[in-house]
Structure formats: C-alpha cells, structure tokens
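As structure tokens, the structure follows; a few thoughts come after it.
All of the numbers you see were taken from the coordinates with simple rules; none came from a lab. Since this is a predicted model, take the numbers as computed values, not measurements. Note: ideal-geometry Cβ built from the backbone for every residue, glycine included; neighbour counts use all protein chains shown.
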Amino acid sequence: MEVNHPAPLRLLELAAHSLLSNEASVLLVLEQLTVNLFPPLLTAAFAKGHRKALKALVQAWPFPFLRLGSLIVQWPNQDSLQAVVDGLEAFSAHRACPRKSELRMLDFTLDSEQVHSKGASEALAKFPFWLPSTVKAEMPQAAARPKPTENMKKGPKQPWEAVEIHIDLFLRGPFKLDKFLSSLLTKVEQSHGALHLCCRKLHIEEMPFHSLLGILKTLKLDFIQELEVFDWFDWFWALSDPNLSATQLGRIFNLRSLKLIYYNWAFSSRGERPSSYFLSQLTRLGHLQKLHLSYSYLSGNLHYVLSCLWVPLHSLEICYCRLLDTDITYLSQSPHTTCLKKLDLSGNNLSYMIPRPLGTLLREVSRTLQHLDLNHCRLKDAHLNALLPALCRCSHLSSLSLSDNPISSACLLSLLEHTTGLMELKQVLYPIPVDCCMYLHGLSWGPVNKDKLCQLQAEIQKQLQAMQRADMQWSPPLPLLMQLVQFE
C-alpha cells in the first residue's frame, strides 16, 4: 500500500486528523480501526511528527506494503523517520509479531517522478545518506527470490517470516553515521534475521573499507542492482580479497550496473594487488548490463576485464583510462558489440585510432548503438571526416556528444549535413570550434568569441530548418548555451 494522498483532504483524512488530536486515543482504539483508515492516519501522523502513533501504526500495519518515499519528500522529518524505525523493534525472530501486522515490505525508495519532484532536494539535504534509485530493471525470474504481491492472501505473519526494508544508500566518509541510518542498521542487526535490509542502489565514496564492513554485513548483497564505488581508499580491492568471503563481489550476483572510479588495477602476475581475484569475481556477474570505468589505468589491458563478462553489455563507459589501439581493436571484435546501446570513450586519445580501429568499432556497433560520447578525445577535422561513413551507419543513434574536441565550424556544418539522414538522432552536443576559442592540450581554453559562436548556432538552426529536421537539437556545452541565450 502506497501512502500518497492528494489534496484537498477527504473524509477519511479529516477523521484521521481528528483522531490524532488526541494521540493517546489512537493507541487505545488502534485494533478496532478499519483498515482503510490506516493510510490517511499514517500520513497525518508522519506530517505532524506524532511519534507514538507512527510507531504503533507500523507495528499494526494491515497491508503487505508500506511505501514512504513520497512522505519523505513532502515532509522530510527526522523524528517521523525515527518513529518508523522504532516501530520495527517488534519484528524480531525472538518475538511474536504484532497483532494484525501484515507488513512484508517497508519501502523508503522513490520512483523516477518523485526523484525530480520539488521536495526531493530538501529531503536529500536533510538525509545525505539517502540515494534515490534510478534502477528500473527487476530481478531476473530465475535469480529472484519470491516477492510478496499487492493482492497476496493475507494472514497472520509467522515470527520467522522476514520483513524487507528497501532503501538506496549514498555512503561517504569517514563520517559519523546519521542517527536514522545508525538506528536502522542496529534494528536490522538485532532482529536476528527477521528484518532484511535490501539496497537496490549503493554508492560508496571516500570511505575506508573497515568502516563499511558492518554495513555490508547487514545488507542483502544479492539484492543490489546498481553499485557505484569511488575507490579512493582501495575499497574495491578489499572487497575482492578472497579472505573476506562475507563481502565478496561475487555475492552481488544480481548486479545490473557497476560504476568504478579510481580503481588501481594490477594486471601483472606478481602485482601487489589481487586484480586477478577481482576479475574472477566479475565472471559471476551474469546479469551485468552496464559497466562504467573512469580514471583507471587500463592501457592495453581492457581484454582482461571484458573477457570476464560472458553476457554482452548494453552500456559501456570507459573514460580517462588511457586506452590503446589494441584495446579498441579487442572491443570491436568482442561479443559486446552485438548489444551495445551506449558507448562512452571520453577522455581517451583516439586521434591515432582513425580510421582503424575506431571506425571498425563504430561499424560493428552500428546496428544497436543509440548513445555515443567522444568528449575530449583530441579529434580534429580530418579525424571526424574519416569517421563520417561509419557514423552514418548508426541508424538508431539518438544522441551524439563531441565536447572538447578541436574541430572547426566548417567541419561541424559538414557533420550536420551528413547526419540529418539519421532520423532517430535528436541531440548533438558539439564542441566550441577552434575558430571560436583556443585549445590547449586538447581542451578548450577561453576566452570564447561569442559573436562567432552565435553565428554558428544561427547557421545550424537555419540548416536544420532547411533540411526539415527541426526535431534535432544542436547545442554547445550547457554553461555556454545559457550564456548564448542571455547574449542574444
């Protein structure tokens, strides 16, 4: 049951507010209340911070589901959240469950609409550990454990039947755990298996591994679908240590998306860090669809990583990893080219990989590719012109990003002329042309001649209209786009 009520207040909601005017009376009559009064009563209690009523309502919740994401966005109240957690203390393997309780899942996550709602930013500011999930994929049928459904048959919960708590976490440290999160982890740990902490998206940044051990042991690792690690403290190296069997990467086997930043790879057989063991754990990620690697030294070793993934990827982002032509050659020959919808090679010097092997790679992914990012790849006019035949074969391409490449205005207009035939291409992020600003070490270096840039933008719009492609949006990097709008 999702607790989310539109204004104005309905009759039931008015009754709920009337009841809460005397909080003690709610506790006395709770078992006599009709089930349809519970949602508005809990909403009103959450909004006003009635802690005793909230705790009792959670313990007597008559539905399988209790989703609180929308309430957190509307009323980001620490006391109300704490009261909900306090209500979980009755769910223990060593206690009989509360009378009337049908609770199977307590959900703190948000859907995509709630993530972008007006109140989400305030809620995130108050609860910095709380991470709205962007993952939409469900567990695979074969790997998923049975989940409760909305229309499941109701009946008294058995003492040993676990309640799932869904929350997506942003962990950054070293830091003292937030009171709510610390209390939640304690309740889960003390429940002796009656509470399962299920985190679909987990982001870890600047946090020593020893600080994470307790949290990781509390989480249901097989529930994680999206994992992001900024490995300042070699957290991932420790995670892949075979001696830490309780926290092995291989146990996160339902992972859909892996984002790894600043991982210190070691491919030598005598390397100090066990990358070989980490790679062996990758072979167990049979459902991985998205892989993002950034600021990692992979030169000539990409095949070690990709060969461990036996299921073709849908999205591959390898940014600022000092890729060599041998890496691009391997990728173009790998099974991953059959399914790739997104390819991001930004931050790698691709100027000497044209026409081959980069052109070959683009031809191989042309049947499926939808998003291509080649930002800051040191591409010049000659390189882009040589790539045009392969690029024009990508018939499903919907977005193209070429920011921070020293390309001229004339070359960009030529690119526009050749790509207007790609009917699914809607967004192009083009670089500031070399005739509008200086470039240093492959990066645009101001000041920008806004007059020339405005002229280019006007010419682009003119050509798009002439070619009947008003649905295509060509724009420079966003900050400059805003300046150009103001300039005009």
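If we count every other residue with Cβ under 15 angstrom of HIS396's Cβ, Lys/Arg +1 and Asp/Glu -1, where does the sum land?
Working: positive: LYS341, LYS342, ARG363, ARG367, ARG393, LYS426; negative: GLU364, GLU424.
Taking every Cβ under 15 Å from that of HIS396, the sum is +4.
Provide the FRET efficiency to the nearest 0.05 for the ARG172-GLU424 pair, computing r from the beta carbons and using R0 = 56 Å. Show your work: numbers first, answer last.
Values: r = 38 Å, r/R0 = 0.68.
So, using R0 = 56 Å, E works out to roughly 0.90.
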Row for the range 270-368, column shape: gyration tensor on C-alpha, a ≥ b ≥ c, rounded if a/c < 1.5 i.e. under 1.5, prolate if a/b over b/c, else oblate; value oblate
Rounded to 0.05, the calculated FRET efficiency for the beta carbons of ASN349 and ASP222 at R₀ = 30 Å is 0.15
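Assuming R0 = 25 Å, what is the FRET efficiency of THR34 and ASP107, from their Cβ-Cβ distance, to the nearest 0.05? Write down the numbers at each step before the final one.
On the way: r = 23 Å, r/R0 = 0.93.
Efficiency, from the Cβ-Cβ distance: 0.60.
On full extension of the chain, what length is gained from GLN465 through SER408, given 0.36 nm per residue of separation minus the C-alpha to C-alpha distance?
On the way: separation 57, 0.36 × 57 = 20.52 nm, distance 2.16 nm.
Computed gain between GLN465 and SER408 is 18.4 nm.
Once Rh is set to the Kirkwood radius over Cα pairs, what Stokes-Einstein translational diffusion coefficient, in µm²/s, holds for the range 365-488 at a temperature of 10 °C and a viscosity of 1.306 mPa s? Kindly include the intermediate steps, with their values, before the conclusion.
Numbers: Rh = 14.6 Å.
Roughly 109 µm²/s, to the nearest whole number.
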Measuring from its Cα centre, the range 385-468 shows a charge dipole (+1 at each Lys and Arg Cβ, -1 at each Asp and Glu Cβ) which, in debye to the nearest 20, is 80 debye
Per the C-alpha gyration tensor (a ≥ b ≥ c, the square roots of its eigenvalues), the range 377-417 is rounded if a/c is under 1.5, else prolate if a/b beats b/c, else oblate; here it's prolate
